[in-house]
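Heads up: the structure comes next, in structure tokens.
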Amino acid sequence: MHKDLKECDAVLVLQDGKSFWGKSIGKKGKAVGEVCFTTSMTGYQHTITDPSFAEQIITFTFPHIGNVGINDKDYERQKIFASGIVVRGISQAYHSSCKMDLDDWLKQNEIVGISGIDTRALTNHLRRYGHQSGVICPPDDLQNIKFLPSEGLDLASKVNKHNDYIVKERDGNLDYNVIVVDFGVKSSIISCLVNLGCKVTVVAAKENFAKEVLGLKPDGIVLSNGPGDPLATAKYAAREIDILIKSNLPIFGICLGHQLLAITLGARTTKMNLGHRGNNHPVYEVNNAKVEITTQNHGFVVDPKTLPSNVEVTHISLFDKSIEGIKLKGYPVFSVQYHPEGSPGPYDSHYLFKRFVDNMKKLRNFH
């Protein structure tokens with residue numbers, strides 16, 4: 001071993017053979033997943049508990065992670081679905097209002113991580129050579145590593161809650177009955193709906209979920225975010241979403257929900273060479289000629305060449321011109337690729353929840 005590697009007890013190996021040596025954090029062991037990076041400077045607890053990171057190894061580009069510790073509020077899910085964590089430096093101190101440091105929390109949740117590597121070099125490597133699988137493991141386990149595919153996986157079925165539940169977070173009368181189809185929903189999305197007067201029932205995105213959703217007599221339906229390849233999930237979800245569209249109820253798709261909606265309407269999705277992950281992504285709203293700063297977390301995108309004529313593009317990425325939002329002409333149905341709840345990140349896109357509520361109000365007044 002090279003002399004400057006003697007103190008290393010963990011290594012990150014990419015599928016193309018590139019390796020990064022560092023120190024183990026969290027659980028000592030092996031983590032396998034697609035290696036991605038997020039440019040968010042804050043909100044690491046939100047990020048790590050986001051179900052959309054299922055079976056991914058998250059690289060934080062901000063050099064110092066963990067300085068505020070772990071609290072009881074900043075959870076998107078209580079269970080962590082990410083495979084592993086990569087950081088430049090990890091803080092052993094934390095704010096007095098929090099309950100533990102990040103390293104101890106990773107150990108408690110049996111999440112494997114690595115610190116002390118050049119995350120800037122790793123990020124630049126991924127930018128140059130594109131998405132790929134990787135493994136974090138002890139150096140003496142390098143002969144026994146296997147990589148996972150990053151396409152063709154239906155991960156939504158692994159992270160959705162298989163038991164339906166009603167969310168009660170606000171006192172007083174709730175004006176609208178909203179059903180969230182759970183492909184891996186973040187709790188921040190549910191909170192935004194509740195804060196606007198919605199009673200929220202979460203229904204797992206399992207086989208034949210459309211009948212169950214419509215049986216609950218919703219005023220509106222949200223197709224949630226989630227992980228995995230949308231084409232794989234669409235094999236069972238597209239026919240159900242088609243039934244929901246034909247009900248003429250307001251529908252709001254978010255991230256994976258946006259991709260599944262587009263596939264249902266006749267479009268296709270493709271794997272991006274480099275995904276969008278972070279909370280500083282500028283998006284152009286076409287109709288209002290307005291730019292909003294958004295939170296994003298996706299590795300697939302809707303192919304604009306496959307959009308049917310009855311679908312209008314409403315939002316465009318100012319980074320790469322990819323589709324960030326669509327709506328179905330003649331129906332109260334729309335979706336965005338990014339995360340309008342902005343958690344962690346900006347609140348620029350909260351208006352989309354109000355737009356969804358307005359669609360429910362218009363339909364109620366019409367009847």
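Charge dipole of the chain (Cα centre as origin; +1 on each Lys and Arg Cβ, -1 on each Asp and Glu Cβ, all else neutral): 480 debye, rounded to the nearest 20.
Phi-derived couplings, Karplus 6.51 cos²θ - 1.76 cosθ + 1.60 at θ = phi - 60°, listed residue by residue for the range 50-67: 6, x, 5, 8, 4, 6, 10, 9, 8, 9, 8, 6, 5, x, 10, 10, x, 6 Hz, with x used for Gly and Pro. Shown here for the range 1-68: trypsin sites (Lys or Arg not before Pro) in loop regions (DSSP other than H, G, I, E, B) with at most 13 other Cβ atoms within 10 Å, namely LYS6, LYS28.
Restricting the trypsin sites (Lys or Arg not before Pro) of the range 312-355 to loop positions (DSSP other than H, G, I, E, B) with no more than 13 neighbouring Cβ atoms within 10 Å leaves LYS321, LYS329. Mean residue ellipticity, 222 nm, helices only, the chain: the sum of -39500 (n - 2.57) across DSSP H runs of n ≥ 4, divided by residue count and rounded to 500, is -6500 deg cm²/dmol. Pull out a ≥ b ≥ c, the square roots of the eigenvalues of the alpha-carbon gyration tensor of the range 3-144, then state rounded if a/c is under 1.5, prolate if not and a/b is larger than b/c, and oblate in the remaining case. It comes out prolate by the Cα gyration axes. Post the alpha-carbon centroid distance, the range 220-249 to the range 303-365, in whole angstrom. Here the answer is 15 Å between Cα centres. Computed from point charges on the beta carbon alone (+1 for Lys and Arg, -1 for Asp and Glu), the dipole magnitude for the range 156-366 about its Cα centre is near 300 Debye.
When a/c reaches 1.5 or more, the comparison of a/b and b/c decides; with that in mind, is the range 156-366 rounded, prolate or oblate per its Cα gyration tensor? Judged from the Cα gyration tensor, the range 156-366 comes out rounded (a/c under 1.5). Modelled label positions at ASN288 and GLU110, each set 7 Å beyond Cα in the direction of Cβ, lie 4.6 nm from each other.
Note on LYS329 and LYS79: the extension gain reaches 86.2 nm, defined as 0.36 nm multiplied by sequence separation minus the Cα-Cα distance. Taking 21 Å as the limit for the C-alpha separation, the pairs LYS23/LYS79; LYS30/LYS271; LYS99/LYS199; LYS28/LYS146 exceed it in the case of LYS23/LYS79; LYS30/LYS271; LYS99/LYS199. A cut-off of 5 Å between modelled amide H atoms, ignoring neighbours fewer than 5 places along the same chain, links GLN132 with VAL35. Size of the range 120-274 from its Cα atoms: along the principal axes, largest to smallest, the extents are 58, 37, 27 Å.
Please label the shape of the range 260-367 as rounded, prolate or oblate, based on the square roots a ≥ b ≥ c of the eigenvalues of the alpha-carbon gyration tensor (a/c under 1.5 means rounded; beyond that, a/b larger than b/c means prolate, else oblate). Verdict is oblate for the range 260-367. Residue order for LYS73, LYS158, fewest other beta carbons within 10 angstrom first, comes to LYS73, LYS158.
Every number here is computed from the coordinates shown, using simple stated rules; none is lab data. Quick caveat: nothing in here was measured; it's all calculated off a predicted structure. Every residue, glycine among them, receives a Cβ derived from its backbone with ideal geometry; neighbour counts consider all protein chains shown.
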